[in-house]
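Chemist: For reference, the structure I am asking about is given below.
The values are calculated or read from the model by the stated rules, or taken from the named source; none is laboratory data. Predicted, not measured: the structure shown is a model, and the values here were computed from it. Please note that ligands, DNA and RNA were not included when accessible areas were found on the heavy atoms of the full protein model with its side chains. Shrake-Rupley method; radii C 1.70, N 1.55, O 1.52, S 1.80 Å.
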Amino acid sequence: LLFCLLVLPLLPVHAAAAEDKPSAGGPAETGAGSGLPVPRFVSLAADKVNARTGPGSRYPIAWQYQRRNLPVEVVAEYEYWRRVRDHDGTEAWVHKNLTSGKRYALVDGVVRPLLAKADPAADVLLTAEPGVQVRLRQCPNAAWCQVEIAGEKGWMERRHLWGLYPYEIF
C-alpha cells in the first residue's frame, strides 16, 4: 500500500460562535480545556473581571479589568480558567464565563483613520486614538478589516489593530 501525507498549515478557526460563552446552567465542563485553539483572541464579557494569580477562585485577585469587550489573548487553559494576555503583555487567569467569542480589537500606535472603503485613498469617516476599542466585523484579507466604532462602520488596515493574528481571515 502507498500512503500519501497531505500537510496543511494550521490556521486558527474563527471562533466567534464557539468561544467560551456564559453557561446557561448546563452540565459541568470536563477535561482540561475547551478544545479550541490556543492561543486565540477573545474579549471580556463583563464590566468587571477579576484577574487572578492562578487558575481558581482561591488564588488572590491581582487586579480587576474594568472594560467590557476588551480584547485579550488566551494563552493557556485549565478546566474553567483561561490564562489571558492583554495589550500590555500582562498575563492573569480569568474564569471562562467572563470571556466571549465576540471579536474586538484596539487601535494601535498613533491616531488612525476609519475609511469608507478598504483603500488608503478613501474618504475618512473618523479618526481613532490609540487604545480605542473597535468591533471586528470582518477581515476578508491580509490587509484590511471592517470595524465598527461608536456605531460607525468602516475599514482599517489590520496592521494598525491589536486583537487578531496577521493570518486570520473571517
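Chemist: What accessible surface, in Å², does a 1.4 Å probe find on T127, ignoring ligands, DNA and RNA and rounding to the nearest 10?
Modeler: 90
Chemist: With the full set of protein chains in place, find how many percent of the accessible area of the range 71-162 is carbon and sulfur; take the probe as 1.4 Å.
Modeler: The value for the range 71-162 is 45 percent carbon and sulfur by accessible area.
Chemist: Contour minus end-to-end for V124 and Q64, with contour as 0.36 nm per residue of separation and end-to-end as the Cα-Cα distance?
Modeler: 18.0 nm
Chemist: Determine the distance separating the Cα centre of the range 40-72 from the Cα centre of the range 91-166; give it in Å without decimals.
Modeler: Going from one Cα centre to the other spans 21 Å.
Chemist: What is the total of Lys pairs in the range 41-170 with C-alpha atoms under 26 Å apart, excluding same-chain pairs fewer than 8 positions apart?
Modeler: 5
Chemist: Could I get the Rg over Rh figure for the range 27-113? Both from C-alpha atoms, Rh via Kirkwood, rounded to two places.
Modeler: Numbers: Rg = 13.1 Å, Rh = 13.3 Å.
Across the range 27-113, the Cα-based Rg/Rh ratio is 0.98.
Chemist: Given a 1.4 Å probe, how much area per residue of the range 26-170 is accessible, in Å²?
Modeler: It amounts to 50 Å² per residue over the range 26-170.
Chemist: Taking every eigenvalue of the Cα gyration tensor of the range 83-170, multiplying by 5 and rooting it, what semi-axes result, largest first, whole Å?
Modeler: Values: eigenvalues 116, 36, 29 Å².
After scaling each eigenvalue by five and taking roots: 24, 13, 12 Å.
Chemist: Restricting things to Cα coordinates, could you compute the convex hull volume per residue of the range 123-170 in Å³? Working shown, then result.
Modeler: Numbers: hull volume 3.5 nm³, N = 48.
With only Cα atoms used, the range 123-170 gives 74 Å³ per residue.
Chemist: Quick one: length gained pulling T53 to A116 fully straight, 0.36 nm per residue minus the C-alpha distance?
Modeler: 18.4 nm
Chemist: Additional query: Need one value: the accessible area of V38 in square angstrom, 1.4 angstrom probe, rounded to the nearest 10.
Modeler: Here the residue's solvent-accessible area equals roughly 70 Å².
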